[in-house]
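Worksheet: the structure to be examined is printed underneath.
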Amino acid sequence: MVLTTLIFDVDGTLADTERDGHRVAFNQAFAEAGLDWNWDSDLYRRLLAVSGGKERIRYYLEHVRPDQSVVDNPAGFVARLHAAKTRIYTDMLARGVIPLRPGVRRLLTEARRSGLRLAIATTTTPDNVTALLEHSLGPQSPGWFEVIAAGDVVAHKKPAPDIYFYAMQRMGVSAHECLAFEDSGNGLRSSCAAGLATVVTVNDYTRDHDFDGAVLVLDSLGEPDQPCTTIHPGRISGRLPLFNVDVARSLLSH
Ligand code: XBP
Ligand code: MG
């Protein structure tokens, strides 16, 4: 099948946003609300099993801190807390706190030059995507992506396939002409359930996840001066110093 489209996850894939970004923003929002909640790195690793920031707060409230006597409207409480967290997080991105991962800018630039179509499929809030793209790739960069499928636009978040189906449907493409990029077990399960060949670039939080079903698992997309390491070769034989459009095309030609 001929590759026409690349679909990117955001958190952990375009940038390593969770430990030093989202987690810090959640904790600052908790402090701002006068809550004694603190999500340290290990607890956050466990909470990341729950996709979606609002869902994660709700899970913590119900399963870790059921003692917390919060207002009688937990949904409203969670929504307000999450809105504060998103404000704090987008401010962090505007200050350039979280850089893009190696190879992301290079692959996006090469893909555009090669005429490949681009989309995003993410659980995170749309404002977070816009802030990351604008502040790391420039004010025009959200327009590089024909579809930015994000957050609550679908009822069921990753690992459900809904967000990928939504992105493909809006682009009018079939799974066989697309390649997805993910970082986590939940993300891979989502893209595979949507029928997408998927490349995984791991990070500290996801290195030990189950990536069975990925067509390739790397430690990053690599740069000429920072070669990537192949963790699971999948459909690729031989040494792979960096991931580029030729490698992407070869993954779909199998
Ligand atoms: C990762 C997520 C998101 C972020 C937090 O999204 O699960 O919930 O952790 O962002 P993905 P929000 O890997 O699919 O990009 O608080 O905006 O949900
Ligand atoms: Mg991710």
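Quick note: the coordinates plus some simple rules give every number you see, no bench work behind them. Remember, it's a predicted structure, so these values are computed and weren't measured experimentally. Here the Cβ positions follow ideal geometry from the backbone for every residue, glycine too, while neighbour counts run over all protein chains shown.
Please compute the Kirkwood hydrodynamic radius of segment 1-70 from all pairs of different C-alpha atoms, in Å with one decimal.
About 13.7 Å, per the Kirkwood formula over Cα pairs.
Could you work out which residue, out of H135, H63, H232, moves most in a Gaussian network model of the chain, that is, has the largest mean-square fluctuation with Cα springs under 10 Å?
H63
Could you pull the Cα extents of segment 1-142 along its three principal axes, largest to smallest, in whole Å?
55, 35, 27
Given +1 on the Cβ of Lys and Arg, -1 on the Cβ of Asp and Glu, and no further charges, what dipole in debye does segment 1-140 carry about its Cα centre, rounded to the nearest 20?
Once rounded to the nearest 20, the dipole reads 540 debye.
Cα convex hull of segment 150-239: mean projected area in nm², to one decimal?
Mean shadow area of the hull around the Cα atoms is 6.6 nm².
Distance between Cα centroids, segment 1-30 to segment 76-99: provide it in whole Å.
13
Taking the Cα centre of segment 152-219 as origin and charging only Cβ (+1 Lys, Arg; -1 Asp, Glu), how large is the dipole, in debye to the nearest 20?
Charge dipole of segment 152-219: 260 debye, to the nearest 20.
Once you charge only the Cβ atoms, +1 for Lys and Arg and -1 for Asp and Glu, what is the size of the charge dipole of the chain about its Cα centre, to the nearest 20 debye?
Dipole size: approximately 460 debye.
Dipole of the chain (Lys/Arg Cβ +1, Asp/Glu Cβ -1, origin at the Cα centre): which of V247, A25, V173 lies farthest to the positive side?
Going by the Cα projections, it comes out as V173.
Divide, for the chain, the radius of gyration over alpha carbons by 2.2 N^0.38 Å, where N is the residue count.
1.00
For L116, L108, which order do you get if you count the other beta carbons within 10 Å of each Cβ and list the fewest first?
If I rank by nearby Cβ atoms, fewest first, I get L116, L108.
Express the relative contact order of the chain as a whole percentage, based on alpha carbon pairs under 8 Å and six or more residues apart in sequence.
Answer for the chain is 22 percent.
If one computes the Cα centroid of segment 110-133 and of segment 148-226, what distance in Å separates the two points?
13
If I build a Gaussian network model for the chain, linking alpha-carbon pairs within less than 10 angstrom, which residue out of P241, P126, P66 has the largest mean-square fluctuation?
Largest GNM mean-square fluctuation: P66.
Most mobile of D219, D210, D42 per a Gaussian network model of the chain (Cα springs, under 10 Å)?
Taking springs between Cα atoms under 10 Å, the residue moving most is D42.
Rank these for me by crowding, S184, S136, going from fewest to most other beta carbons within 10 Å.
Ranked by crowding around the Cβ, least crowded first: S136, S184.
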